[in-house]
Ligand SMILES: [Zn+2]
């Protein structure tokens, strides 16, 4: 009897120790709790904020289009096992809304864009559809990272101070990157600041950094561009003497190539200015494989092609 009680006591102590060490009771049975991001951009942001004792995972790899992404069976398991889920929101992950809504009833599910008031969002129609590509305005990202840091510090209280400190340092880095973007873009004459891309991901970028922005496809890659869109774009490029257009890492290039061909037929030479990283990061361990690196890479590519 005494032996049995001692064993139970020992077992209890062991469980308490594991909980203290890991800082949070995990749903997935591992010592380390897991925070699961939907996109590669959010995965990188989380890795900058969270200490190594918390595992950060992501569903979508480099170059994956979030508008079209459907959760696989394996993803559903990862989502169910994760302790916390972070997604962008504003219908970026349009095909995952249902599962995210269902999971939010049983676990912490955080929408990154949630802290932004409607007045700061780009409204696209009278029906309440807004542009989800908020990460292209670094000042908007700062607001979202502030709230994300506060939420995660509460969810993991014994790592709270570390998370708060890392969040502050990362926010400082975002502020510095924003200033750098402004100083770089100031080198470009105002008339040359026209950004033409495959899909309309750069609206917030245009507002924040004073660019006129046109996307061939709509705000989501779900809507394909038609012949009329191509003709309108060709005319716009010729009217504004645009030198270069930009392909994107997460969107097929075919439609934009027909615009280039259309310009050529009308005697206007327009080039591909480079590949921009829009809705997904570049490959891991490359400069474009981080959120800040991707922003810097895009700015460099745009300025190089348009100046
Ligand atoms: Zn997009």
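Read-outs throughout are calculated quantities, based only on the coordinates presented, and are distinct from any laboratory measurement. All values reported here derive from a predicted model rather than from experimental measurement. Note that we place each Cβ from the backbone using ideal geometry, even for glycine, and neighbour counts take in every protein chain shown.
Brief remarks follow.
- Just checking the listed ones, 154, 254, 107: in the Gaussian network model of the chain with Cα springs under 10 Å, the one fluctuating most is 254.
- The chain: C-alpha gyration tensor shape, a/c 1.5 cut-off, then a/b vs b/c: prolate
- Helix-only [θ]222 nm of the chain, DSSP H runs n ≥ 4, -39500 (n - 2.57) each, per residue, nearest 500: -14500 deg cm²/dmol
- In range of the label at residue 164: residues from region 112-147 whose backbone nitrogen is under 18 Å from the point 7 Å along Cα→Cβ: 145-147
- The chain: angle of helix 138-155 to the longest principal axis, Cα-based, in degrees nearest 10: 10
- Between the Cα long axis of helix 254-265 and the first principal axis of the chain there is an angle of about 10°, rounded to the nearest 10.
- Amide N proximity, region 135-169 versus residue 120 label position 7 Å along Cα-to-Cβ, cut-off under 15 Å: 135-151
- For region 84-126 versus region 64-83, the gap between their alpha-carbon centres in whole angstrom: 15
- On Cα atoms only, tilt of 227-239 relative to the major axis of the chain in degrees: 70
- Expressed in units of 2.2 N^0.38 Å, where N is the residue count, the Cα radius of gyration of region 184-306 is 1.01.
- Among 189-198, 123-132, the order from most to least packed when residues are scored by Cβ within 10 Å on average: 189-198, 123-132
- The stretch between residue 238 and residue 190 holds 15.5 nm of extra length on full extension. This uses 0.36 nm per residue minus the Cα-Cα distance.
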